[in-house]
1. Looking at (1) out of contact with any helix residue (DSSP H, G or I) (no Cβ under 6 Å at 6 or more places or on another chain); (2) modelled with pLDDT under 90, find the lone condition where F485 falls short.
2. With A336, A262, A342, A266 as the choices, which residue is open to solvent by less than 50 Å² (accessible area, probe 1.4 Å) and either in contact with a strand residue (DSSP E or B) (Cβ under 9 Å, 6 or more places away or on another chain) or outside any helix (DSSP H, G or I) (or both)?
3. Six or more apart or on different chains, Cβ under 7 Å: which pairs go from a residue in the range 280-294 that's under 19 Å from P175 (Cα atoms) to one that's open to solvent by 20 Å² or more (accessible area, probe 1.4 Å) and among the basic types (K, R)? Could you list them?
4. Which condition does N276 not pass, out of (1) in a helix (DSSP H, G or I); (2) closer than 28 Å to R381 by Cβ; (3) open to solvent by less than 30 Å² (accessible area, probe 1.4 Å); (4) modelled with pLDDT under 95, if it passes all the others?
5. Spot the failing condition for D254; the list is (1) of a type in the set (D, E); (2) in a helix (DSSP H, G or I); (3) open to solvent by 10 Å² or more (accessible area, probe 1.4 Å), and only one is missed.
6. Output the number of the condition that A404 fails; it satisfies all remaining conditions of (1) at pLDDT below 95; (2) of a type outside the set (V, I, T); (3) over 25 Å from F138 (Cβ atoms).
7. Looking at this structure, is V249 touching a Ser or Thr at 6+ places or on another chain (Cβ under 8 Å), open to solvent by 20 Å² or more (accessible area, probe 1.4 Å), aliphatic (A, V, I, L, M) and in contact (Cβ under 8 Å) with a residue 60 or more places away in the chain?
8. List pairs: first in the range 102-125 and modelled with pLDDT under 85 and open to solvent by 90 Å² or more (accessible area, probe 1.4 Å), second among the small types (G, A, S) and not in a helix (DSSP H, G or I), Cβ under 6 Å, 6+ apart or cross-chain?
Amino acid sequence: MLFNSIDFLIFFPIVLLVYFVFPHRVRYIWLLAASYFFYMCWNPLYIVLILLSTVITYICGRAVGKLKNTTGMEEHKQKKLMKLVIAVGFLSNIVMLIYFKYANFLIETLNPVLAGFHIGPVNEFDILLPVGISFYIFQALGYIVDVYRGTIKSEKNFLKYALFVSFFPQLVAGPIERSGNLLNQIKEEPSHKLWDYRRVTSGLILMLWGYFLKVVIADRTAVLVNTVFVGYEGYQMTALMAGAVAFAVQIYCDFSGYSMIAIGAAKVLGFQLMENFDTPYFAVSIVDFWRRWHISLSTWFRDYLYIPLGGSRCSKLKKYRNILITFGVSGLWHGANWTYVAWGLLHGAYQIAEKELAPLARKINDRCHTKTDSFGYRFFRGLVTFVLVDIAWIFFRADSLHQAVHYIKRMVLYRDWWSLFDQQIYTLGLDIRELHILGFALLTLLLVELIKYKKGELIDAFLQRQWIVFRWCVLFMLLFVCIVFGYYGPGFDSSQFIYFQF
């Protein structure tokens, strides 16, 4: 069930109505049933996997919790047993993830090697990737580590824990929630009123903004992106640059749009999910970009992979090794293709280069008396960062490493500056009317991003402070644009969110 579908627009109000009628003590049971129904709408068999992951991590969490409270056992033996339990939990979930997501990728990679030894190819499996499997498995694995570290106690109520793993607003594409946040909210008795007008309207505003990002910007930009990337061999620099920049816009609006709808829907229900994006294209370095992009995933890898590997508290070579491993795994998490690995390693290489060049940059700035806090300097750094990020996005979008490399090669070698003035942009899938609509939508996005960057406020908080007439004019305008110029308009169909495939 897609957020941008009629089914969800029927499903969500029904869930709300029953939720606010039910007594507080049993609301979580209704949300669990609704979450399982939501997930089963893709494929009823998917529920077996999420239940299996939930049961395994619940048992592991309870076992670790009991071991922590066991007295009279030697400390080293206690830790050894807890680590064994965690290893079982991780191994079983990772094996499940590898089978459903990476089995055919591993076979494709292995077959050329086997051919070199004159061994026949291994047949691929007929596997349908369960939607959102990477997200809920990572969320569940984070829980058992948190129990081991003592940041949260093991949950005794299986149904409440099951809701934590399967909470439908963020089930299939995040944010990847921490147990210390979402599970604690599920465990606590709701303190809010039956119907808090300000909270509910705030959540609905976030949902509306998320729909605007998805159906007006992301889905429209996707037409241009698909046109250029599919036929990239027939285009030169200008069109290829337009396609690359458009994909940067598409993936941001698509994924942040989903996150906004998820955060807004949870807020209407009385739950606060973590922020997943913080104006990432205003970043002034690659490190800064990863503080702002897909925050729930980047912090997950930081806390559960990078730091356990040794983090930065080791030699320079080991620190850089840890960075490359973390970003390489992050790339592989996104998909079973070497293009995603290349994307991750490229970002890792960016960070290493950034750290190595930092002393030289500081020396040059000191010699030149550069005003590093000036708008011009920050704008220049932001532009360089965006270019580097956008180059990496080409690998993320391309179907193969060959396509990505040749895309960049054509973009560099086949220059056609004159195309900027000969209306070639109108031949890339969107006519002049659609490009004007997209331009207006992007200006709206830029304004909202500037408000967030300068004031640290999401659109709901900003509008709640405004004159009521202005607020409702903005909301009706957004609603009108979504209905008339979104996927309901001619030529546009409801499409799946990009991150559902991960």
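The values are calculated or read from the model by the stated rules, or taken from the named source; none is laboratory data. Predicted, not measured: the structure shown is a model, and the values here were computed from it. All Cβ positions, glycine included, derive from the backbone under ideal geometry; neighbour counts span all protein chains shown. Protein only, heavy atoms only, side chains kept; ligands, DNA and RNA dropped before computing areas. Shrake-Rupley method; radii C 1.70, N 1.55, O 1.52, S 1.80 Å.
1. All conditions are met except number (1).
2. Details: A262 fails: either in contact with a strand residue (DSSP E or B) (Cβ under 9 Å, 6 or more places away or on another chain) or outside any helix (DSSP H, G or I) (or both); A342 fails: either in contact with a strand residue (DSSP E or B) (Cβ under 9 Å, 6 or more places away or on another chain) or outside any helix (DSSP H, G or I) (or both); A266 fails: either in contact with a strand residue (DSSP E or B) (Cβ under 9 Å, 6 or more places away or on another chain) or outside any helix (DSSP H, G or I) (or both).
Among A336, A262, A342, A266, only A336 is open to solvent by less than 50 Å² (accessible area, probe 1.4 Å) and either in contact with a strand residue (DSSP E or B) (Cβ under 9 Å, 6 or more places away or on another chain) or outside any helix (DSSP H, G or I) (or both).
3. Between residues of the range 280-294 that are under 19 Å from P175 (Cα atoms) and residues that are open to solvent by 20 Å² or more (accessible area, probe 1.4 Å) and among the basic types (K, R), the close pairs are P280/R292.
4. (1)
5. Condition (3) is where D254 drops out.
6. (1)
7. On the way: touching a Ser or Thr at 6+ places or on another chain (Cβ under 8 Å): yes; open to solvent by 20 Å² or more (accessible area, probe 1.4 Å): yes; aliphatic (A, V, I, L, M): yes; in contact (Cβ under 8 Å) with a residue 60 or more places away in the chain: yes.
Yes.
8. none
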